[in-house]
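A.B. asks: Right, I'll just put the structure down here and ask away after.
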Amino acid sequence: MDVLSFPDRFDECPLSPLSLKGVKAAGYEWMTAVQEATLPIILQGKDVLAKAKTGTGKTVAFFLPAIEVVSKLPPVDRNLKRPPISVVVVCPTRELADQAAAEANKLLKFHPSIGVQLVIGGTRMALEQKRMHTNPCQILVATPGRLRDHMENTPGFATRLLGVKVKQMHLIAPLDKQFSILYGLLTDHISENVDYKVIMFCTTAKVTSLVAELLSELKLNAREIHSRKPQSYRTRISKEFKESKGLVLVSSDVSARGVDYPNVTLVVQLGVPTDREQYIHRLGRTGRRGNEGAGVLLLAPLEEYFLRSIKDLPITEATQPLIDLETKKKVDKALAHVEVKDKESAYQAWLGYFNSNKFIGRDKYQLVSHANEFSRSMGLNNPPAVPKLALRKMGLNNIPGLRSK
């Protein structure tokens with residue numbers, strides 16, 4: 001098209017009536033030079049690279065065609081809870097992002113079904129997650145760092161943005177069955193995924209060590225990583241996991257944030273996370289870079305309360321793996337080979353973790369009953385003795401069922 005033939009008024013462009021009403025309500029009638037040169041071309045579906053000074057109207061030039069594209073999209077599938085994010089505007093600073101979102105909202109005045117959301121650093125991610133969940137968000141304005149944060153840590157975000165599927169599931173099982181179920185989950189996943197890559201999060205470093213030792217006894221290719229390991233070891237294991245396939249990484253929360261492990265096929269969370277945000281950060285290790293992913297949250301009945309905090313997320317009940325007698329015997333035999341001192345350390349760590357949990361730790365008698373159930377799940381006939389000083393610090397002196405030393 002000859003530049004001289006470009007229209008110079010917005011109402012001369014092929015814009016929808018609702019968009020034109022928005023333009024008029026925003027006080028725009030005549031196009032600026034950059035708008036005249038770019039808007040008609042973008043409306044034809046062509047790519048444009050434009051350079052112009054601040055304040056010359058570039059934002060309106062790209063937002064109007066974006067709004068037109070979104071308004072003409074087919075209706076959202078009824079099976080989808082929220083429409084996909086169709087337009088992403090990345091701004092280098094918070095201020096520019098804020099201005100761009102405000103401009104978009106002005107132009108969208110007569111498009112009530114189209115929503116713009118703003119995600120920028122310096123604000124609480126949880127609030128942004130809630131806004132995107134409860135409000136329309138076909139257009140997203142973001143700063144680069146915060147966009148990456150949501151890609152990595154907000155369940156469902158990659159699905160809406162890239163069509164990536166992160167399947168979230170939960171299982172409730174008694175403590176004495178969890179190790180067998182865990183083994184079943186892993187072997188089922190491995191049999192279905194040749195290039196499997198699993199991260200398993202545990203509640204404490206000592207429990208992490210116990211689970212890693214158990215999986216190794218079960219002949220699974222497992223590694224452990226947690227805060228009690230030296231940095232040189234953690235760096236080596238992290239590098240190995242990044243570059244490998246066919247591996248299970250058993251981890252404390254040192255791997256929950258800010259670590260980019262490509263192609264993780266499954267995230268397992270064994271035991272209740274400290275909060276919703278931790279659950280989300282852990283889950284964010286899978287479903288990255290356009291890949292599909294899955295997450296399983298394995299809880300005991302005493303931890304079931306946690307599901308209330310994530311009831312707005314698309315999490316469903318998983319099918320419990322079939323655990324036959326041979327499998328249970330195999331797991332019990334592997335547990336018998338785990339060092340007793342490691343079981344004792346895991347017991348004390350488990351007791352300390354749940355003692356500090358406001359939902360479980362308030363009833364000390366129930367807490368000890370559950371701790372001793374965990375002890376039996378490790379194959380111990382009697383609960384390990386805990387140092388008197390540790391019991392005193394936890395406020396567990398003289399609670400029946402505990403042994404001290």
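The values are calculated or read from the model by the stated rules, or taken from the named source; none is laboratory data. As the structure is a computational prediction, the values presented were derived from the model and not from experiment. Don't worry about glycine lacking a Cβ; one is built from the backbone with ideal geometry, like all the others, and counts go over all protein chains shown.
A.B. asks: Scanning the stretch 98-147 for residues that are in contact with a Cys (Cβ under 7 Å, 6 or more places away or on another chain) and free of Cβ contacts under 8 Å to residues at least 40 places away in the same chain, which turns out farthest from SER19 (Cα to Cα)?
C.D. replies: If we take residues in the stretch 98-147 being in contact with a Cys (Cβ under 7 Å, 6 or more places away or on another chain) and free of Cβ contacts under 8 Å to residues at least 40 places away in the same chain, then GLN117 is farthest from SER19 (Cα to Cα).
A.B. asks: Let me ask something else about it. Within the stretch 242-268, can you find the residues that are in a loop (DSSP other than H, G, I, E, B) and not β-branched (Val, Ile, Thr)?
C.D. replies: Passing the criteria: SER244, LYS245, GLY246, SER252, ALA256, ARG257, GLY258, ASP260, TYR261, PRO262, ASN263.
A.B. asks: Can I ask one more? Please verify whether PHE110 is hydrophobic (A, V, I, L, M, F, W, C), more than 30 Å from ASN381 (Cβ to Cβ) and touching a helix residue (DSSP H, G or I) at 6+ places or on another chain (Cβ under 6 Å), treating the condition exactly as stated. Even if it seems obvious, please write down each step before you answer.
C.D. replies: Numbers: hydrophobic (A, V, I, L, M, F, W, C): yes; more than 30 Å from ASN381 (Cβ to Cβ): yes; touching a helix residue (DSSP H, G or I) at 6+ places or on another chain (Cβ under 6 Å): yes.
The answer is yes for PHE110.
Each row is one residue, and each column tells you yes or no for (1) in contact with a strand residue (DSSP E or B) (Cβ under 9 Å, 6 or more places away or on another chain); (2) over 27 Å from LYS311 (Cα atoms); (3) outside any loop (DSSP other than H, G, I, E, B).
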site: GLY184; (1), (2), (3): no, no, yes
site: THR187; (1), (2), (3): no, yes, yes
site: SER191; (1), (2), (3): no, yes, yes
site: MET200; (1), (2), (3): yes, no, yes
site: THR203; (1), (2), (3): yes, no, no
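A.B. asks: Another question, if that's okay. Restricting the stretch 138-180 to residues that are under 30 Å from GLU326 (Cα atoms) and in a helix (DSSP H, G or I), which is farthest from the chain's Cα centre (by Cα)? First the steps, then the outcome.
C.D. replies: To start, the set of residues in the stretch 138-180 that are under 30 Å from GLU326 (Cα atoms) comprises 167-180.
Now narrow it down to the ones that are in a helix (DSSP H, G or I): 175-180.
Numbers: LEU175: 25, ASP176: 28, LYS177: 27, GLN178: 23, PHE179: 24, SER180: 26 Å.
Looking at the filtered set, the residue picked out is ASP176.
A.B. asks: Another question about this same structure. Return the total of residues in the stretch 161-182 being out of contact with any strand residue (DSSP E or B) (no Cβ under 9 Å at 6 or more places or on another chain) and either among the β-branched types (Val, Ile, Thr) or surrounded by 20 or more Cβ atoms within 10 Å (Cβ to Cβ) (or both).
C.D. replies: Counting residues in the stretch 161-182 that are out of contact with any strand residue (DSSP E or B) (no Cβ under 9 Å at 6 or more places or on another chain) and either among the β-branched types (Val, Ile, Thr) or surrounded by 20 or more Cβ atoms within 10 Å (Cβ to Cβ) (or both) gives 3.
A.B. asks: Continuing with the same structure: Only one residue in ASP324, ASP363, ASP342 is surrounded by 15 or more Cβ atoms within 10 Å (Cβ to Cβ) and not hydroxyl-bearing (Ser, Thr, Tyr). Which one?
C.D. replies: On the way: ASP324 fails: surrounded by 15 or more Cβ atoms within 10 Å (Cβ to Cβ); ASP363 fails: surrounded by 15 or more Cβ atoms within 10 Å (Cβ to Cβ).
None of the others qualify; the one that does is ASP342.
A.B. asks: Let me ask something else. If I filter the stretch 313-325 for residues that are within 29 Å of PRO383 (Cα to Cα) and either outside any loop (DSSP other than H, G, I, E, B) or within 21 Å of the chain's Cα centre (by Cα) (or both), do I get at least one hit?
C.D. replies: There is at least one residue in the stretch 313-325 that is within 29 Å of PRO383 (Cα to Cα) and either outside any loop (DSSP other than H, G, I, E, B) or within 21 Å of the chain's Cα centre (by Cα) (or both).
A.B. asks: Filter the stretch 371-405 down to the residues that are over 23 Å from LYS333 (Cα atoms) and assigned to a helix (DSSP H, G or I), then identify the one that is nearest to the chain's Cα centre (by Cα). Even if it seems obvious, please write down each step before you answer.
C.D. replies: Taking the stretch 371-405 as the starting set, the residues that turn out to be over 23 Å from LYS333 (Cα atoms) are 385-405.
So of that shortlist, the ones also assigned to a helix (DSSP H, G or I) come out as 388-394.
Values: LYS388: 39, LEU389: 38, ALA390: 34, LEU391: 35, ARG392: 37, LYS393: 34, MET394: 32 Å.
Taking the candidates together, the pick is MET394.
A.B. asks: One residue is enough: does the stretch 364-374 have a residue meeting the conditions farther than 22 Å from LEU270 by Cβ and at pLDDT below 95?
C.D. replies: No.
A.B. asks: Quick one: GLU326 ticks every box in (1) among the acidic types (Asp, Glu); (2) in contact with a helix residue (DSSP H, G or I) (Cβ under 9 Å, 6 or more places away or on another chain); (3) without any contact (Cβ under 8 Å) to a residue 12 or more places away in the chain except a single one, so which number is it?
C.D. replies: (2)
A.B. asks: For the stretch 46-55, does any single residue satisfy the condition of being surrounded by 15 or more Cβ atoms within 10 Å (Cβ to Cβ) and of a type outside the set (A, V, I, L, M, F, W, C)?
C.D. replies: Among the residues of the stretch 46-55, not one is surrounded by 15 or more Cβ atoms within 10 Å (Cβ to Cβ) and of a type outside the set (A, V, I, L, M, F, W, C), which makes the answer no.
A.B. asks: So for the stretch 202-210 (the condition being in contact with a Ser or Thr (Cβ under 6 Å, 6 or more places away or on another chain) and charged (D, E, K, R)), does at least one residue qualify?
C.D. replies: Scanning the stretch 202-210 turns up at least one residue that is in contact with a Ser or Thr (Cβ under 6 Å, 6 or more places away or on another chain) and charged (D, E, K, R).
A.B. asks: Out of the residues in the stretch 342-368 meeting the condition of being farther than 17 Å from ALA385 by Cβ and among the hydroxyl-bearing types (Ser, Thr, Tyr), tell me which one is nearest to the chain's Cα centre (by Cα).
C.D. replies: By that ranking, first place goes to TYR353.
A.B. asks: Identify all residues within the stretch 117-152 that are surrounded by 21 or more Cβ atoms within 10 Å (Cβ to Cβ) and hydroxyl-bearing (Ser, Thr, Tyr); write none if there are none.
C.D. replies: If the condition is that a residue be surrounded by 21 or more Cβ atoms within 10 Å (Cβ to Cβ) and hydroxyl-bearing (Ser, Thr, Tyr), then THR143 is the only one that fits.
A.B. asks: Give the residues of the stretch 105-127 that are assigned to a helix (DSSP H, G or I) and in contact with a Ser or Thr (Cβ under 8 Å, 6 or more places away or on another chain), sorted by residue number.
C.D. replies: LEU107, MET125
A.B. asks: State the number of residues belonging to the stretch 210-241 that are farther than 27 Å from THR319 by Cα and assigned to a helix (DSSP H, G or I).
C.D. replies: Here the count works out to 11.
A.B. asks: Right, another one. Of the conditions (1) without any contact (Cβ under 8 Å) to a residue 40 or more places away in the chain; (2) within 36 Å of the chain's Cα centre (by Cα); (3) surrounded by 16 or more Cβ atoms within 10 Å (Cβ to Cβ), ILE67 clears all except one; give me its number.
C.D. replies: The failed condition is (1).
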